[in-house]
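Worksheet for the structure shown next.
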Amino acid sequence: MHWTAKIVLFVSLVNRINAAKPSSCSDIRVVDLSHVHGPEPLTAPFFPAYSFKVVNRSISQELGGIWFETNYIGTSEHSSTHIDAPSHFYRNRLRMHQLPLERLYGPGVIIDVRKQVSRNPFYKVQISDIRRWEASHGRIPNKAVVLLSSGWDKRYPDPNVVFNTKTTSDITSYRFPSFEFNAIIFLAKFRSVHAVGSDTPAIYLNSAKIDLSGFTFLFQRNIPVILNVANLERLPPSGSTVFLPAINIYDGSGAPVRVFATVPASKMKYKY
Ligand SMILES: *[C@@H]1O[C@H](CO)[C@@H](O)[C@H](O)[C@H]1NC(C)=O
């Protein structure tokens, strides 16, 4: 090989190695996957109402004449975009302050069923949907955060539209996308996941009766659940990292979360 050809080859190899690793934050995009918390955060009708009280919002002479704002909030742990700790529906399982931070993030696995949901708003993610994801992107990575993307986030926060019912007090009347029980078993038993979540108010919903077995199957295994996630259509199906930075509430059974993802710029579906 001529020496100039050798140099060209060497330079192109170095460039390829440099391109392979993100060199700075400018190569990473951050995507907000949460709804705003308030003024009417979605929650189950039987929880106490959200309360936001202005405590101080004026020039404060006590503080030397500066502007001073503080508020008091009272909120259900299980409102708007939030995490359910395993203790929520399972005795002697992890509460919020017992969930290690290392388990509150992982590779994003986005199961996109928006097409199925446009035909059937009560669609349930099946094992075949998960298999289809794996056929394109490989086996679900360990520590994954698996999220159901149905497009339901566009309905928030009106409870009648989100729960898709005229009678929000009747849980059995709720009609929105979720996972099939078998799909939940598959994720909990045959894959190693950090969390399972949805852009709807529940990962499991039985139309016939009140049935939380899809939740308890995960909670028994100390796998938390993420609900009312938003903006999943902005993420690639694989290649993101999803973060679940929940407030570390002592003895909490859940907490509001500013769920977000980081995505290598080259993997962004939309540039913005
Ligand atoms: C904040 O508001 C409370 C209640 O109105 C008042 O008692 C307190 O003096 C205020 N604090 C400051 C530093 O202005």
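A short reminder: the numbers here are calculations on the coordinates, not readings from a lab. What you are looking at is a predicted structure, and each value in this text was computed from that prediction instead of being measured.
List of remarks:
- Principal-axis analysis of the Cα atoms of the chain puts helix 127-137 at an angle of about 30° to the longest axis.
- Tilt relative to the chain, helix 3-20 - C-alpha long axis, 0 to 90 degrees, to 10: 10
- Vicinal HN-Hα couplings computed from phi for segment 252-264 (Karplus, 6.51 cos²θ - 1.76 cosθ + 1.60; Hz; Gly/Pro x): x, 9, x, 6, x, 9, 8, 4, 8, 10, 10, 9, x
- Amide proton proximity set for Phe179, modelled H, under 5 Å, gap of 5+: Val125, Tyr204, Leu205
- Diagonalising the gyration tensor over the Cα atoms of the chain and scaling each eigenvalue by 5 before taking the square root yields semi-axes of 36, 28, 18 Å, largest first.
- Considering only Tyr72, Tyr123, Tyr174, the Gaussian network model of the chain with Cα springs below 10 Å gives its largest mean-square fluctuation to Tyr72.
- When both bridge partners sit in segment 135-272, DSSP labels roughly 35% of those beta bridges antiparallel.
- For the chain, the number of Lys pairs with C-alpha atoms closer than 24 Å, counting only pairs eight or more positions apart or on separate chains, is 23.
- Applying Stokes-Einstein at 20 °C and 1.002 mPa s to the Kirkwood radius of segment 81-145, computed over alpha-carbon pairs, gives a translational diffusion coefficient of 149 µm² s⁻¹.
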